[in-house]
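*Asks:* Have a look at this one.
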Amino acid sequence: MDRPTNQKAWFLVLPVLLLVAFSAVIPLMTVVNYSVQDTFGNNEFFWAGTAWFEEILHSQRFHEALARNLIFSAIILAIQIPLGIVVALSMPRKGIGVSICLVLMALPLLIPWNVVGTIWQVFGRVDIGLLGHTLEAIGIDYNYVRDPLDAWFTIILMDVWHWTSLVALLCYAGLVSIPEAYYQAARIDGASRWAVFRYIQLPKMNRVLLIAVLLRFMDSFMIYTEPFVVTGGGPGNSTTFLSIDLVKMAVGQFDLGPAAAMSIVYFLVVLLFSWIFYTVMTNFERGGQ
Amino acid sequence: MARIDLRNLAHAYGPNPREPRAYALKPLNHTWEDGGAYALLGPSGCGKTTLLNIISGLITPSQGQVLFDGVDVTAMPTEARNIAQVFQFPVIYDTMTVYDNLAFPLRNRRVPAPAVDARVREIAAMLEMTDVLRKRARGLTADAKQKISLGRGLVRSDVAAILFDEPLTVIDPLLKWQLRSQLKQLHKKSGYTMVYVTHDQTEALTFADKVVVMFDGEVVQMGTPAELFERPAHTFVGYFIGSPGMNVLAAEVDGTVATVDGREIRLPRAYGKSTPDRKVELGIRPEFVRVARGQGLPVTIRKVEDVGSYKIARLALGQREIAAVAPEGTEFPADDVGAVFDPAHLNVYVDGHLVDGTPVRGA
Amino acid sequence: MSTGATKSIDTGRQPGTPTAASAKARGFVAPPKLRRPRHLGWLVMTLYLIFLLLPIYWLVNMSFKTNVEITNTFSLWPNDPTLRNYRVIFTDPSWYGGYINSITYVVMNTVISIAVALPAAYAFSRYRFLGDKHLFFWLLTNRMAPPAVFALPFFQLYSAFGLIDTHIAVALAHCLFNVPLAVWILEGFMSGVPREIDETAYIDGYSFPRFFVKIFMPLIASGIGVTAFFCFMFSWVELLLARTLTTTAAKPIAAIMTRTVSASGLDWGVLAAAGVLTIIPGALVIWFVRNYIAKGFALGRV
C-alpha cells in the first residue's frame, strides 16, 4: 500500500509529540542528568561521569535483581504462552458460551494491580486464605512469608492467574480469523488434530503470538506492584525485582545517581530483549531459511 | 473411483423445516456414474455448494442417503469417505514447501515414502510445478497456490471422487483456460469421478460430460452440453445457458399451432390445448431465429450488437423483445422485417417445464 | 480408527467382498479419525475458569464476613453475612473519595489519550512523511519504559509545575504508556478503512475536520471503543505512578487500600470489600465491549 508523501502530516502528529515530550522526554532527560552527576545535599550537583554506571554494572545487588527478573520472565513465558494457546483452543466458537468465557477471562485484567496483589496475599495466607489453608490441610508446608520458594510459587501462580487470559484472548482472536475452508481441507486431507494445530492454527497465530510474547515479556520484566504487595520483595531479597529495587533506591533511600543510572540500564535491557524477540520471531515467521 | 447415488436427498439449514421454501436443497434422486465428469451449474444460492458439501461429508443432510458404489456413507465423516475436494479460495499450508503440501494427504494416510515421492513428482510434473517443489508455498501467486490445492486433491490415487467448488474463481482468465483443459485431460487419463461446481456456463460446458443445472435448491436438468442447449428441460436452463439465452414467449397452443400475439406459428409436434390456468410458453434459441424480409412474425429491429464473430439482433415483437443470432456480414433488411423460427428447435413449456408433444407425420 | 469405514468404501466396487486388505497392501490406510476434543475442551475451559474465579470468590466471600469470622474460623461461605464492610466504605469520605479520584483521572486520561492519538494515528495510517517510521517506533518504546524508571522524575517534574496531588497529573503521567498504545490500536483500525473513502469525501467538498468527525470517526467507532477500553484498563490498574503523584486530594482507591492495611492493622473485611468494589467498574466495562474483546486484544491486526 503506497501512502502519499505529505509533510503536513507532522501537524497531525504534533499533539502527540508535545504530550510525549512532556511526559517522557523531559523526565528521561532528568534521569540522564542525574545519572552522570553526584550530589551531597540540596541542589548541589557535580559531574560524576560514568561512575554510577560502573557502580551499577558491577554491583552484585543489581546482578541478582536482573537475574531474578530474567528467570521470572522466562518462567512466565514458558507457562503462559503454551497455557494461553491451550485455553484459546478450548474456547467455544459460538453461542452464549463465547460471551461468558470472554467476560470471565478478561476479568483479572481489569483488576487494579495492587488489588491483584491483595487478593493473592489473602488467598495464599495459611490462616485465612483458601490456597494456603488447603495446601496446609493436605500436609504441604507452605508459607510464602518465610520460604523464598513458596514466595516465588505464589507470585508466579498469581501472574499466571493475572495474565494468561491476555495470551489466550490474543490467540483466540487469531484462531477465529481462520476461514472454515482450512479446517474442511484438513479433514479431507486426513490431517490429525496435531497436524491441524501445527500446520494451520499455529502459523495463523504467528502475528498475535508475537504481540503476546512481547507484551508478556515487557510487562513481566517491569513487574512491580503485585509482588510488592504480596511479599514486599522478601523474604530477604528473594523476590526483589529490578523495579522494586529501583523504587527502593530512588524513593526510599533517595540515591538519585545510582537509581538514575540503574533506570537507564534497566530501560536499555528491556529495549534490547524486546528487539531480540521481535527480530527472532519475525525471522521465524518469514521462514527462517 | 466410485459411482455416487443420491437417494431422496434433501437439506435444510434450520431445524424442522415445515415449508419447502426452507430447504436449501429440495429432495432429489440422482446417480452419477463411476468415472464421469459432472458439473453442477447454477446461480449463487441455488444449493450447488450445499450438495457438494453433503457428498464430501462436511454437511450431514437432513434427509436421504449418499451412496458410494452402493455403500451408504451418509453417516461417515469426511476423512473416512475417501474423497478429495478443492475449494474456491486456495487452501495451502503456509509453512510447508510445495512438495510437503502435495505429500501431506499421502503422509497422513501413511503411504510409504518412495510411493509418496513418485506420486508427488508425477502430479507436480502434470501441474508444471516441478521447479518450485522446494519453495515455500507462502510466497507463491494466487494461481500457483490454487494449483497446489488442485494437486492435493489429485495426489491420492485411491479417491472415490474429486469435488471442485468453483476452483478457478481466483485464477487469471488466460490461466483458467489452461488449467481447465489440463483438468479435462487429467480426467480422461485418470478416470476419476469428478464433480465440478461453478456458476460459469462455459466452464461447466467445457469440463463436463454431464451438466447438472440447479435452480432454487432443485436440479432442473441433467444432460450433455448438447442436450442442455437444444432441449432445455426448463425455461431457466434455456435462459441460463447460452449467450444470449433462449427466447421465451408466452403463447397459446392447440395441436400443432401456437399463437403468439395473435400470430400463428406451426409446431413440429402436436400438443394438447392450452388452458388459461397454466402458463404456456414457447422457447426458441436465438441461434435458430432467422431475420428475413417479408417472412415470419413481423418485428422491428431495435438494435444490432456486433460481438466480432457474429451479430446479435435485438428485435421487438409487440411489447416483447427477442434476440436473433446471425453470422458476421449479415445485412439486415431495413423494412418489412420478419423473424422466422426454425420449427425443429421450437420447444413448448408448461409452467416452466418442457413438454414433449407427439410427433406429427409430415410436419 | 475407522477400519470399518475403509472397508465399506473399498468394498463398494463389488458389494460384499472385503477388499480392505488389498487397499492396505497398496499402502493406503484410512487416516486416523480427526479427534474432536470437545469434551476435553470443556474440561480445560471449566478448570481454567474455576482457577480464575476462585481467588475472586474468596475476596467476595471475605467481604461479607466479620473480621472475627475471618480470623477465627475457616469457612467457605459467610456463616454470618454482614454488610458492615461495605457500609464502612460508603460512609467514609476518605474511602469513597478514592473511587471518585480513580474514576476522575482514568476518564481524563482516556479522553486525552484518544483526542491526541486520533489525528496522529490518521497521519501514520494515511501519509508518508519525514521520519514517520522512526517516530512510530520511538512512540512504541515509551510503552516499554518501566514505570518505576519514571516515578522519581515525574514527581520532580510535576512538583515544579505545582501539579502534585491533582487528577490531571496522574492523567498526564498515564499518557506515557496509553498514548503510544492508543496510536498503535487506532492506526490498525484506520488502515482497515480504504483510502478511497477519504478521497471521495474531499472530492465531495468536505473539509478535513468535517470529514474526520462526520465520516471517518463513525467508520472506526469500534476501534475507538476498543482503544477507550484499553486506556481505561491500563490507567485503572496502574498504581505505582498514581500513588507517587498523589498524597491526599487525588489519591486513588487502590492506594488508599494499601495505606489502610498497613496503618489500621488488619481490617480484612473492609479491605476485601474495597477490593471487590474495584473489580466492579472493570467488569461493567468488559460487559459493554464483550463483542469487540477478541478483535480488540489483537489490536485490530489479526
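The values are calculated or read from the model by the stated rules, or taken from the named source; none is laboratory data. These numbers were taken from a predicted model, which means no experiment stands behind them. Virtual Cβ from ideal backbone geometry, glycine too; neighbours counted across all protein chains shown. Surface areas here come from the heavy atoms of the whole protein model, side chains and all, with no ligands, DNA or RNA. Shrake-Rupley method; radii C 1.70, N 1.55, O 1.52, S 1.80 Å.
*Asks:* Let me know the mean shielding of A:264-276 by other chains, meaning the per-residue number of their Cβ atoms within 10 Å of its Cβ.
*Replies:* Numbers: counts 1, 0, 4, 7, 0, 1, 5, 3, 0, 1, 4, 2, 0.
Average neighbour count from other chains, rounded to a whole number: 2.
*Asks:* Also, quick follow-up: Over the protein assembly as shown, what percent of the accessible surface lies on carbon and sulfur atoms, probe 1.4 Å?
*Replies:* 61 percent
*Asks:* Amide H neighbours of B:Lys135 under 5 Å, counting only residues 5+ apart in sequence or on other chains, H built in-plane at 1.01 Å?
*Replies:* B:Val98, B:Tyr99
*Asks:* In a shell of Cβ-Cβ distance under 13 Å around C:Trp77, excluding C:Trp77 itself, what net charge do Lys and Arg (+1) and Asp and Glu (-1) give?
*Replies:* Details: positive: C:Lys65; negative: C:Glu69, C:Asp80.
So the surrounding residues net to -1.
*Asks:* List the extent of the Cα atoms of the protein assembly as shown along each of their three principal axes, largest first, rounded to whole Å.
*Replies:* Computed over the Cα atoms, the extents are 124, 73, 62 Å.
*Asks:* Could you work out how far apart the two model spin labels at B:Arg302 and C:His134 are, taking each label as a point 7 Å from the Cα in the direction of the beta carbon, and quote it in nm?
*Replies:* For the pair B:Arg302/C:His134, the computed spacing is 6.7 nm.
*Asks:* Per the helix-only calculation at 222 nm, which mean residue ellipticity applies to the protein assembly as shown, given -39500 (n - 2.57) for every DSSP H run of n ≥ 4 and division by its residues, nearest 500 deg cm²/dmol?
*Replies:* Working: 39 runs with 496 residues, N = 954.
It comes out at -16500 deg cm²/dmol, rounded to the nearest 500.
*Asks:* Counting trypsin sites (Lys or Arg not before Pro) as exposed when in a DSSP loop with at most 11 other beta carbons within 10 Å, what is the longest stretch of chain B free of them?
*Replies:* B:135-272
*Asks:* Amide H of B:Gly47 versus every other amide H placed in the peptide plane: which residues, excluding those fewer than 5 positions away on the same chain, fall under 5 Å?
*Replies:* Result for B:Gly47 returns B:Gly217.
*Asks:* I need to check one value: relative contact order of chain B, counting alpha carbon pairs closer than 8 Å and at least 6 residues apart, in percent.
*Replies:* With pairs under 8 Å counted, the relative contact order is 16 percent.
*Asks:* Please list, or write none, the lysines whose alpha carbon is within less than 18 Å of the alpha carbon of A:Lys94, excluding same-chain residues fewer than 8 places away.
*Replies:* List returned: C:Lys295.
*Asks:* Now for a separate question. For region B:60-77, what does the Karplus curve 6.51 cos²θ - 1.76 cosθ + 1.60, with θ = phi - 60°, yield as ³J(HN,Hα) per residue in whole Hz, taken in order and with x for Gly and Pro?
*Replies:* 9, x, 6, 8, x, 10, 10, 10, 9, 6, x, 9, 6, 10, 3, 8, 7, x
*Asks:* On each of the three principal axes of the Cα atoms of region B:293-363, give max minus min coordinate, whole Å, ordered largest first.
*Replies:* Sorted largest first, the three principal extents are 38, 27, 24 Å.
*Asks:* Give the cross-link partners of B:Lys311 among the aspartates and glutamates, using a straight C-alpha distance below 15 Å as the criterion and excluding same-chain residues fewer than 8 apart.
*Replies:* Candidates past the 8-residue exclusion: B:Glu287, B:Glu328, B:Glu331.
*Asks:* Quick one: which residues, 5+ away or cross-chain, put their amide H under 5 Å from the amide H of B:Leu267? H built at 1.01 Å from N.
*Replies:* Counting only residues 5 or more places away or on other chains, the set is B:Val257, B:Ala258.
*Asks:* For the protein assembly as shown, what proportion of DSSP beta bridges, expressed in % and rounded to the nearest 5, is antiparallel?
*Replies:* Taking every DSSP beta bridge within the protein assembly as shown, about 80 percent pair in antiparallel fashion.
*Asks:* Between chains B and A, what is the buried accessible area summed over both chains (1.4 Å probe, protein heavy atoms, nearest 100 Å²)?
*Replies:* Answer for the B-A pair: about 1800 Å² buried.
*Asks:* Okay, next question. May I ask for the percentage of alpha-carbon pairs in region C:92-297 that lie more than 31 Å from each other?
*Replies:* 29 percent
*Asks:* Something else: For chain A, what relative contact order do you get, as a whole percent, if you take Cα pairs closer than 8 Å and at least 6 residues apart?
*Replies:* 27 percent
*Asks:* Moving to a separate point now. Using a Förster distance of 30 angstrom, determine the FRET efficiency expected from the C-beta separation of A:Gln60 and A:Thr134, and round it to 0.05.
*Replies:* The calculated FRET efficiency here is 0.20.
*Asks:* Now a separate question. May I ask you to derive the relative contact order of region B:220-295, considering only C-alpha pairs under 8 Å and at least 6 residues apart, and to give it as an integer percent?
*Replies:* After rounding, I find 26 percent.
*Asks:* Also, I was wondering about something else. Working from Cα positions, state the angle (0 to 90°, nearest 10) between the long axis of helix B:142-154 and the longest principal axis of chain B.
*Replies:* 80 degrees
*Asks:* Provide the per-residue ³J(HN,Hα) series for region C:213-228, in order, calculated from phi with Karplus coefficients 6.51, -1.76, 1.60 and θ = phi - 60°, each as a whole number of Hz, with x at glycine and proline positions.
*Replies:* Ordered by residue, 3J(HN,Hα) equals 7, 7, 10, 6, 4, x, 5, 10, 3, 5, x, 5, x, 4, 4, 4 Hz.
*Asks:* Okay, next question. Per residue, how big is the convex hull of chain B when only Cα atoms are used? Give it in Å³.
*Replies:* 172 Å³
*Asks:* Also, quick follow-up: Take chain B, connect every pair of alpha-carbon atoms lying under 10 Å apart with a spring to form a Gaussian network, then pick out the residue of B:Thr198, B:Thr97, B:Thr235 with the largest mean-square fluctuation.
*Replies:* B:Thr97
*Asks:* So what is log10(I(q)/I(0)) for region C:94-190 at q = 0.11 1/Å, when the Debye sum runs over its Cα atoms only?
*Replies:* Log10 I(q)/I(0), no solvent term: -0.39.
*Asks:* Please report, to two decimal places, log10 I(q)/I(0) for region C:35-82 at q = 0.13, 0.15, 0.16 Å⁻¹ as given by the Debye formula with identical point scatterers on the Cα atoms and no solvent.
*Replies:* Each listed q corresponds, in turn, to -0.44, -0.52, -0.55.
*Asks:* Then there's this: Can you work out ³J(HN,Hα) from phi for every residue in region B:28-36, in order, using Karplus 6.51 cos²θ - 1.76 cosθ + 1.60 and θ = phi - 60°, giving whole Hz and x for Gly and Pro?
*Replies:* Taking θ as phi minus 60°, the curve returns 8, 10, 8, 10, 10, 6, 4, x, x Hz for region B:28-36.
*Asks:* On to the next question. Pick from A:Lys204, A:Lys94, A:Lys248: which residue has the top mean-square fluctuation in a GNM of chain A where Cα pairs under 10 Å get a spring?
*Replies:* Of A:Lys204, A:Lys94, A:Lys248, the most mobile in the Gaussian network model is A:Lys94.
*Asks:* Still on this structure: For a test of the definition: using alpha carbon positions, the gyration tensor, and the 1.5 limit on a/c, classify region A:23-288 as rounded, prolate or oblate.
*Replies:* Oblate is the answer for region A:23-288, as a/c is 1.5 or above yet b/c matches or exceeds a/b.
*Asks:* Identify the chymotrypsin sites (Phe, Trp or Tyr not before Pro) of region C:36-144 meeting these criteria: DSSP loop state and at most 16 other C-beta atoms within 10 Å of the C-beta.
*Replies:* Those satisfying the criteria are C:Phe74.
*Asks:* Going down the list A:Lys204/B:Lys145; B:Lys26/B:Lys147; B:Lys26/B:Lys273; A:Lys204/C:Lys133, which pairs span over 22 Å between their C-alpha atoms?
*Replies:* Going by Cα-Cα distance, B:Lys26/B:Lys147; B:Lys26/B:Lys273; A:Lys204/C:Lys133 fall outside the 22 Å limit.
*Asks:* Given region C:73-139, what whole percent of its Cα pairs are spread farther than 20 Å? Each step should come with its number before you reach the end.
*Replies:* On the way: 1372 of 2211 pairs.
Value for region C:73-139 (Cα pairs over 20 Å): 62 percent.
*Asks:* Still on this structure: Give me the distance between the Cα centres of region B:300-363 and region C:98-174, rounded to whole Å.
*Replies:* Distance between centres, Cα-based: 76 Å.
*Asks:* Moving on to the next point. Over the alpha-carbon set of region C:164-260, work out the extent along each principal axis and list the three values in angstrom, largest first.
*Replies:* Computed over region C:164-260, the largest-to-smallest principal extents equal 60, 21, 17 Å.
*Asks:* Please state, as a whole number in µm²/s, the translational diffusion coefficient that the Stokes-Einstein equation yields for region B:76-172 at 4 °C and 1.567 mPa s, with Rh defined as the Kirkwood radius across alpha carbon pairs.
*Replies:* Working: Rh = 13.4 Å.
Using the Kirkwood radius from Cα pairs, D works out to 96 µm²/s.
*Asks:* Continuing with this model, one more query. Roughly what angle does helix B:113-126 make with the longest principal axis of chain B, taking Cα atoms, 0 to 90 degrees, to the nearest 10?
*Replies:* Value to nearest ten degrees: 30.
*Asks:* Further question: With everything on Cα atoms, drop me the angle between helix B:173-190 and the longest principal axis of chain B, reported from 0 to 90° to the nearest 10.
*Replies:* 70 degrees
*Asks:* Let me ask something else. Have a look at region A:88-232 and give its Rg and Dmax from the Cα atoms, expressed in angstrom.
*Replies:* Radius of gyration, then largest Cα-Cα span, for region A:88-232: 19.2, 58 Å.
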